[in-house]
Amino acid sequence: MTLIDLANPTRFLALTARALPWFAAATGILLAIGLYQSACAPDDYQQGATVKIMFIHVPNAWLSMFVWGVMSIASLGTLVWRHPLADVAAKAAAPIGAAFTFLALLTGSLWGRPMWGTYWEWDARLTSVLILFLMYLGLMALWRAVDDPSRAARAAAVLTLVGAINLPIIKFSVDWWNTLHQPASVMRMGGSSLDRSFLIPLLLMAIAFTLLFVTLHIAAMRNEILRRRVRSLQMMQASRIAFSSEMGAGSREGNASNEAGAA
Amino acid sequence: MMTSLGPYASFIVTSYAAAALVVAILIGWIVLDYRSQTRRLRELDRSGLTRRSGRSATDTP
């Protein structure tokens, strides 16, 4: 199956019907293993047991950027290649990305209070992620504000690509500015600085959450395709009603003129 | 070996509970949305409306 084959929404629906149960099962199994490994991870010598918050904070923070990256590629698909599923993919991803970003901010705050002594600090990393969250909400509002999905898709695609500028700012904010947020400890030059006892549950949870995103995204795309079918059928129904009422009015006028002629 | 959550247990438990709640809301929203769209498509099918391809709107061959 090629990407061109997937451009057909009907084929995409058929494929998702087969793939979704497998993705859901793999997500469930990996989440269970990841949660077990997280529960069994030892306490950190500085953070104590609060290190366990990292096992859900870090995957959500990664996904908050990854989902915007997926939406940016989909936006290119809308603007450059006009792929029929591109704007469906972008629209379906936005609420899921917003949820992951919200969780990254919330769990970060809950970790920050005992470790930093504050829930919130206006430092570069936290502020740039908050901006990302607000951009997700803005995109969702834009999709709802425009009735015609194809017009909304182009506007949303431009906004998404402009918003992608924020991704490197988030990633490198801890290097470019003096922030309270610690620098990268997993994806960095010279390899991870984490001990294996923390790295393994963290990676397992990251893979599990990524699979969760893929599963939810495919399901949300399927819903969006069905929503568009409903919309087009409703428009067809409305035009039929308008046509039949016009025909009815026309035949009544014809009957009236015939009666007048007969009289 | 499972360890005690220490003095900040409430922060840890709240984090995991919030993540579970948000994921549950996402899953619930997607499942309910799917049911709503398929129900509307079936109603439109019953009223005699079909797609231009001639297939039922809910078909996924």
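The values are calculated or read from the model by the stated rules, or taken from the named source; none is laboratory data. Note that the structure is predicted; figures quoted are calculated from it, not measured. Heads up, the Cβs are rebuilt from the backbone with ideal geometry, glycines too, and the neighbour counts pull from every protein chain shown.
Scoring A:Ala220 on the criteria (1) at positive phi; (2) within 9 Å of chain B (Cβ to nearest Cβ) leaves a single failure, condition (1). Here B:Ala17 fulfils each of the conditions (1) at the interface with another protein chain (Cβ under 7 Å from one of its Cβ atoms); (2) at pLDDT 95 or above; (3) loosely packed, with under 11 Cβ neighbours inside 10 Å apart from (1).
Can A:Arg113 be described as of a type outside the set (A, V, I, L, M), more than 24 Å from A:Ser75 (Cα to Cα) and part of a helix (DSSP H, G or I)? Yes, satisfied. The residues on offer are A:Leu106, A:Leu79, and the sole one that is out of contact with any Cys (no Cβ under 7 Å at 6 or more places or on another chain), modelled with pLDDT under 95 and not in a loop (DSSP other than H, G, I, E, B) is A:Leu79. Against the numbered list (1) within 14 Å of chain B (Cβ to nearest Cβ); (2) assigned to a helix (DSSP H, G or I), A:Ile73 comes up short only at (1).
Residue check: A:Gly48 meets all listed conditions (1) surrounded by 13 or more Cβ atoms within 10 Å (Cβ to Cβ); (2) on the phi < 0 side of the Ramachandran plot but one, namely (2). Any chance region A:73-80 includes a residue that's within 26 Å of A:Pro201 (Cβ to Cβ) and not polar (S, T, N, Q)? No, because not a single residue in region A:73-80 is within 26 Å of A:Pro201 (Cβ to Cβ) and not polar (S, T, N, Q).
Among the residues of region A:111-138, those identified as of a type in the set (Ser, Thr, Tyr) and away from chain B (no Cβ under 14 Å) are A:Thr127, A:Ser128. What do you reckon, is A:Phe133 modelled with pLDDT of 95 or more and either crowded, with 21+ Cβ neighbours inside 10 Å or on the phi > 0 side of the Ramachandran plot (or both)? No, not satisfied. The combined condition, being within 15 Å of A:Ile96 (Cα to Cα), assigned to a helix (DSSP H, G or I) and of a type in the set (Ser, Thr, Tyr), is not fulfilled by A:Ser38. Flag: A:Ser185 does not match the condition of being assigned to a helix (DSSP H, G or I) and either small (Gly, Ala, Ser) or over 24 Å from the mean Cα position of the chain (by Cα) (or both). Of everything in region B:23-46 that is among the hydroxyl-bearing types (Ser, Thr, Tyr) and at the interface with chain A (Cβ under 7 Å from one of its Cβ atoms), the residue that is farthest from A:Ile218 (Cα to Cα) is B:Thr38.
Residue count for region A:87-110 satisfying the condition of being surrounded by fewer than 24 Cβ atoms within 10 Å (Cβ to Cβ), over 8 Å from the mean Cα position of the chain (by Cα), facing chain B (nearest Cβ under 8 Å) and not aliphatic (A, V, I, L, M): 1.
Each residue in region B:51-61 was checked for being more than 7 Å from chain A (Cβ to nearest Cβ) and either over 10 Å from A:Arg229 (Cα atoms) or modelled with pLDDT of 80 or more (or both), and 6 pass.
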